[in-house]
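Here the structure comes first, spelled out in structure tokens, and everything after it is commentary.
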Amino acid sequence: MGQKGEVSSARVMTTPRYLFAEAPRNVYWETTVACRLACQHCRAEAIACRDAAELTTDEGFRLIDSVKELRSLLVLTGGDPLERPDLVTLVEYARSQHVPVAVTPSTTPSLQRSTVERFAELGLTALGVSLDGPDPEIHDSFRGVPGTFQHSLNALAWAKEFGVPVQINTTVTRFTQPHLARLFEVLEKQSPPVRRWSLFLLVPTGRGASLGALNALEVEALFEWAYELSKTAPFHVSTVEAPHYRRYWLERQLAEGVSEQQLLQLGPRMGFGVRDGNGVIFVARNGDVYPAGFLPHPLIGNVRNHPLHELYRTSPALTQLRDMDALTGKCGRCQYRWLCGGSRARAWAFSSDLMGDDPACRYEPGTAVQAPWPGHALDSTLEEAPLVFPHPHGDGRRARPPHSRRE
């Protein structure tokens with residue numbers, strides 16, 4: 001083994017490692033930093049006006065061409081993408097190139113019924129809508145602007161009217177966590193159009209650096225709650241920036257009698273291995289490329305200088321980041337390191353060590369380095385994973401094994 005974070009040329013991988021070296025499943029483009037909200041957790045530290053350094057429309061077209069080359073899902077995020085007057089033009093171009101597109105707008109007066117109708121006409125893959133509480137008091141205080149809760153409900157009504165699938169994004173902090181059960185009751189009544197509820201475990205970056213992130217014991221309790229909830233939920237329940245849920249889910253499935261072979265067959269569809277820089281990639285508003293929106297290190301390059309597909313496939317920094325045998329601490333010893341790998345964004349935020357431990361994981365693998373699960377070679381004929389509903393930076397899944405409603 002080389003020095004920390006260094007890929008050893010002597011090591012030969014003899015089994016598939018859930019690598020996404022040729023193409024990410026999702027490309028996230030921070031189209032703008034402008035936003036009318038003042039969310040407590042905002043990674044982008046959004047402001048009221050646009051940044052003059054943002055990619056132009058023509059540069060956006062070239063980025064979309066590169067996403068087409070990658071055959072990935074393009075997720076337009078921000079800030080608020082609706083603050084770009086060319087947003088619909090960008091979606092139109094992407095769809096003309098057969099690039100699947102999802103949009104995560106801020107629920108402000110900028111989002112109109114006519115906008116959702118146009119998205120439906122263009123065949124939008126998904127509309128991301130944020131709800132962090134079950135009522136205006138909780139949600140609006142978290143988002144920083146009165147009326148935001150009602151705007152989110154309006155968006156859901158329009159999405160239902162025009163048949164646009166919706167992913168609900170909820171940031172889980174100590175402030176929002178006590179209200180998740182009541183929020184679920186609200187969402188139950190909104191399915192359809194709600195197809196997925198994405199529980200994002202806070203990574204303390206941007207404005208979110210001062211918020212209360214759950215500790216490892218609290219995260220494990222959240223996993224248990226989400227696992228049980230997903231058995232009866234009318235929509236998919238997933239976690240984001242919590243790849244260690246895969247370990248929890250896998251162990252519960254095995255305990256319930258699902259065979260290892262069944263789980264192996266489902267692995268690619270279940271998002272095993274998807275994490276920062278491996279299966280997802282982030283393009284900042286000025287064209288800078290990073291492993292994920294919550295992992296602003298290392299800088300991979302800029303799409304103004306090199307096409308995204310070349311950066312993703314050839315970056316030495318990404319190759320290094322994808323090597324889970326280079327992890328240190330308990331993540332490096334863990335048998336689930338290749339299907340999980342921990343949140344590299346959280347490790348960086350807490351310790352400035354890209355390959356260090358994810359402090360939100362309570363699992364203790366022991367003192368010796370364990371062979372990667374399942375401990376034997378995987379079937380090379382396993383089918384490739386399909387495009388999934390957008391999930392910021394990480395852990396969305398589609399297929400279910402027998403006797404489970406969990407994705």
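The values are calculated or read from the model by the stated rules, or taken from the named source; none is laboratory data. Remember, predicted model here, so these are calculated numbers, not experimental data. All Cβ positions, even for glycine, are placed from backbone atoms using ideal geometry, and neighbour counts span all protein chains on display. These area figures cover heavy atoms from the full protein model, side chains too; ligands, DNA and RNA do not enter into them. Shrake-Rupley method; radii C 1.70, N 1.55, O 1.52, S 1.80 Å.
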Pairwise Cα inverse-distance average, inverted: Kirkwood Rh of region 209-254 (Å): 11.6
Taking all protein chains in place and a 1.4 Å probe, what share, in percent, of the accessible surface of region 61-137 do carbon and sulfur account for? 45
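If you take the Cα Rg of region 129-257 and divide it by 2.2 N^0.38 Å, with N the number of residues, what do you get?
In units of the globular-protein estimate, region 129-257 measures up at 1.08.
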Zone of S114 (label point 7 Å along Cα→Cβ, backbone N under 15 Å): which residues in region 79-107? 85-89
Grab the other residues whose beta carbon is less than 11 angstrom from that of Q150, score K and R as +1, D and E as -1, and report the net. -2
If you count only protein heavy atoms with a 1.4 Å probe, what accessible area per residue comes out for region 76-229, rounded to a whole Å²? 36
Net lengthening on full extension, R304/N215 (0.36 nm per residue, minus Cα-Cα): 28.1 nm
Potential lengthening between E59 and E185 on full extension [0.36 nm per residue; Cα-Cα distance subtracted]: 41.1 nm
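Rule-of-thumb check for region 212-306: C-alpha Rg over 2.2 N^0.38 Å?
Dividing the Cα radius of gyration by 2.2 N^0.38 Å gives 1.36.
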Rounded to the nearest 5, the percent of DSSP beta bridges in region 234-327 running antiparallel is 75
